[in-house]
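The values are calculated or read from the model by the stated rules, or taken from the named source; none is laboratory data. These numbers come from a predicted model, not from an experiment. Note that each Cβ is placed from the backbone with ideal geometry, even for glycine, and that neighbours are counted across all protein chains shown. Heavy atoms of the whole protein, side chains included, go into the accessibility calculation; ligands, DNA and RNA do not. Shrake-Rupley method; radii C 1.70, N 1.55, O 1.52, S 1.80 Å.
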Amino acid sequence: IKNNMKGAVNISDYFYGAKTLFIIPLYQRKYAWQQKHCVRLFEDLKKIHTEGLLSHFFGSIVAIKASEVEDDLLIIDGQQRITTISLLILAAINAVANGDMEAGDEDIEEVKKNYLYAIRRRIDRNIKLRPIEGDMEAYDELFTNNSENFIKNTGITSNYELFYELIKVSGLTFQNLIAAIEKLEIIDIRLESKDNPQLIFESLNSCGKDLEEADKVRNYLLMSLSAKEQEDYYHAYWSKIEKLTDGEPTMFIRDYLTIKKGTISNIEDLYFDFKTFDEETHTERKNLLEDMLKYAKFYRQILKGETGNTRIDRKLKQIANIESLVHLPYILSFFNYATENYVSEDEKYEVLDTIENYWARRIICNYPANALQKMFATLHNDIMKIYKRHHDRGKELLLTYSHILKYVLLKKQGTVSFPNDNDVKSAFPTRQIYRIPSSYKFFLFERMENENSPEANDTIVKKMKDGTFTIEHIMPQTLTPQWKEELGDNWQEIYDTYLHTFANLTLTGFNTSYSNHSFQEKKEGYIDRKGNKINGFKNSAFCLSNYLKQCSKWTLDEIKEREKILLENFLQLWPMITTDYVPLEKEYELVSFDDDEYELSWRQIIGYRYRDEHHAVLNWVEMIVQVCKLIYNENPTTMTYLATKNNWVHDSEAKGRSKIAEKCYVHTSCSTNTKRNILNYLFKECGIPSSVLEFELVPLVDKVTDSEEE
């Protein structure tokens, strides 16, 4: 950049140029300077005036010539500053015209020509600044000085109006203001066509304070293209991706990357992870954007329930009520697979129903949701591995996808396991449903109320959110003496155990809280203090209250009976999944390395697969040494650097270490699970997805101590 950096120049020198237009490239985001920043700038200008400062630094502007012929500049970085100064000067010119600002001796026409127009350009629109679509219309309208026609709800107009108001109360003359603006200095960075605008952009935005990660990804995707391609691709792909994601593409891009890489990016690393992914895959820009657009369409269908199939859309909306996004990478992968392989609507429904079932059972059993992120990131690949295994062994797999999905889920262990009926039956009676996150509550109550009825009320969640429908405790949260008497001697125990459980909760839409009224009153209704008739459970249209209509009292017996009914309903709605898939007879069990829940101790390793290449080994030490050598071959620099940190990998020989390469030794005198931790650490540091490694295991004949297992 050095040769092209003109150094600090006055902003006036930057604006002068009767033929130069400032063009904001299409891939830039809309003008978005916040009002507090405008206020700060105006305060600075007043200070320059009152304190007689000679100069004030105003940041840098990075530009590149738009064409070889014209003097026009494409503003790579700095559009916010250029636009803001233009708005301020325009507000001042209009304020003078309207009598809201004194002019002093300044030649207003001269300022107008120098800052706002490219007067020597023979074109229809010779206004100097050319913002992106949407912003341009709002900007041009300001030149009419007719506030009735201004385009409202844009940053351009609101910041202009703010400046106008600040000018009116400032006491500055036009001459004072322009003199202060002339003291602003910028760093003028001019790129030549051979420069890489992307690298400069990155160095300017490395702290990431200004741009969303998605903005950086967009700039990265469009910057390297010609002006014509930028415009074409922006309209054909990027603007559509933004629309499909409701203007918030960052999370979508993260899920897209998860699908492609099998690992989950931190939001703050998203841009650099995307760039690395792109540099590794060398996909044509057009093909990459096409692929992203395809997935963005699936993303929309999944989140909004917009596939066009009533049954599937309803199921997607039900799953969306959980308000978790961890399963999105999996469902996106599945939708893509289903489209490419003409999967039937019934089969699609079965897959979604299985995912909902998995969620519902896990919520009831209080299994942690954060454990699912990694599981869902690789779930589709786990299923595809089974298809591939059959293909490789020449054994055709005739079962549908959903059977394989269920098989894979049923094999999961530990924190990602699929709760069976016994797990549900033991958790259901005492699970504190009232205390779980609202979205889980809304999801469960909607499904338990509507079940799969064609007459279902699809507004339940919306009405629970806005308070039209509320969750009612049958035995109240505050017990009156009458309630204690009805519950009997062990009222305290019943209260502590069952207050917030499903059996003691129902839905009501009677816009009231029955609070601690007696069961009789809650059931039959009553007249409140203001003389209003309050309907009881017997008038309720909710199926969840049906059992209550036949009860004359509410004691432990009734609670246990309703618990039984609700549990049966739950298990009918989400029955235990089964699969017809029988794994190929195998000499060994193939276990994915990133299946954290799999117990490796007490298993003998006979081989492993790394990036689908088979390697035979005699023990765990041999495996870790070989895998470390494979990692070293891919990332010698990182591995050498890690060895200097002396954390499991070392740069010197010692007892209990095995040589990987010169100045690189791995710690191998440790338990099998520690070996797993070492590999996890190396995969993470070297940016390798852990799913590239699989173990071929057989049970050990005799259990030996873990550390001697080698």
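Tabulated results
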{"item": "Amide H within-cut-off set for Glu472, under 5 Å, with H built and near neighbours excluded", "result": "Thr506, Leu507, Thr508"}
{"item": "Label-reachable residues, region 90-115, where backbone N falls under 19 Å from a point 7 Å from Ala179's Cα toward its Cβ", "result": "92-93, 96, 101-112"}
{"item": "Share of pairwise Cα separations in region 274-378, more than 22 Å, in percent", "result": "37 percent"}
{"item": "Contour minus Cα-Cα distance for Thr339 and Thr276 (0.36 nm per residue)", "result": "19.9 nm"}
{"item": "Angle between the chain longest axis and helix 636-645 axis [Cα atoms, degrees, rounded to 10]", "result": "80 degrees"}
{"item": "Spin-label pair Arg190/Gln550, simplified geometry with 7 Å Cα→Cβ offset, distance in nm", "result": "8.9 nm"}
{"item": "Backbone HN-Hα couplings from phi across region 169-175 [Karplus 6.51/-1.76/1.60, Hz, Gly and Pro as x]", "result": "9, 7, x, 7, 8, 4, 4"}
{"item": "Taking region 583-657 and dividing mean pair separation by its residue count, relative contact order in percent (alpha carbons under 8 Å, at least six apart)", "result": "13 percent"}
{"item": "Global geometry of region 479-526, whether rounded, prolate or oblate, following the gyration tensor of its Cα atoms and the 1.5 cut on a/c", "result": "oblate"}
{"item": "Label-to-label distance, nm, for residues given as Thr470 and Trp602 (7 Å Cα→Cβ offset)", "result": "5.3 nm"}
{"item": "Separation of alpha-carbon centers, region 434-462 and region 301-329, rounded to whole Å", "result": "14 Å"}
{"item": "Solvent-accessible surface (1.4 angstrom probe) belonging to Val62, in square angstrom, nearest 10", "result": "0 Å²"}
{"item": "Relative contact order (%) - criterion: Cα under 8 Å, at least six apart; region: region 215-303", "result": "38 percent"}
{"item": "Förster radius 35 Å - calculated FRET efficiency between Asp124 and Arg285, Cβ distance, rounded to 0.05", "result": "0.65"}
{"item": "Where N is the number of residues in region 528-635, Cα Rg divided by 2.2 N^0.38 Å", "result": "2.26"}
{"item": "Gain upon complete extension [Lys317, Gln520; 0.36 nm per residue less C-alpha separation]", "result": "69.4 nm"}
{"item": "Along the chain, longest interval not containing exposed chymotrypsin sites (Phe, Trp or Tyr not before Pro), exposed being DSSP loop plus at most 12 other Cβ atoms within 10 Å", "result": "343-710"}
{"item": "Trypsin sites (Lys or Arg not before Pro) within region 361-396, DSSP loop, no more than 14 other Cβ atoms inside 10 Å", "result": "Arg393, Lys395"}
{"item": "Whole-Å distance, taken between Cα centres, linking region 222-294 and region 123-141", "result": "28 Å"}
{"item": "Region 685-694 - phi-based ³J(HN,Hα) in whole Hz, Karplus 6.51/-1.76/1.60, Gly and Pro as x", "result": "5, 9, x, 9, x, 5, 5, 6, 10, 10"}
{"item": "Per-residue ³J(HN,Hα) for region 111-128, Karplus 6.51 cos²θ - 1.76 cosθ + 1.60, θ = phi - 60°, Hz, x for Gly and Pro", "result": "4, 4, 4, 6, 9, 10, 10, 10, 5, 8, 8, 8, 9, 4, 10, 9, 5, 4"}
{"item": "Relative contact order computed over the chain (Cα-Cα under 8 Å; 6+ residues apart), in percent", "result": "10 percent"}
{"item": "Sites Ala654 and Ala369, calculated FRET efficiency, Cβ-Cβ separation with R0 30 Å, nearest 0.05", "result": "0.10"}
{"item": "Whole-angstrom gap from region 479-510 to region 639-658, using each part's C-alpha centre", "result": "62 Å"}
{"item": "Shape of region 1-160, Cα gyration tensor, a/c cut at 1.5", "result": "rounded"}
{"item": "Equivalent-ellipsoid semi-axes of region 423-577, from the Cα gyration tensor, Å, largest first", "result": "24, 21, 14"}
{"item": "Restricting region 454-503 to GluC sites (Glu not before Pro) in coil, as DSSP defines it, with at most 16 other Cβ within 10 Å", "result": "Glu455"}
{"item": "Degrees between helix 328-340 axis and first principal axis of the chain (Cα, 0 to 90, nearest 10)", "result": "90 degrees"}
{"item": "Gain in span if fully extended, Glu137 to Glu70, counting 0.36 nm per residue against the direct Cα distance", "result": "21.8 nm"}
{"item": "Candidate lysines for bridging to Lys152, where Cα separation is under 30 Å - those fewer than 8 sequence places away on the same chain excluded", "result": "Lys30, Lys36, Lys46, Lys112, Lys113, Lys128, Lys168, Lys209, Lys216, Lys240, Lys243, Lys304"}
{"item": "Angle in degrees between helix 213-223 and the longest Cα principal axis of the chain, rounded to the nearest 10", "result": "60 degrees"}
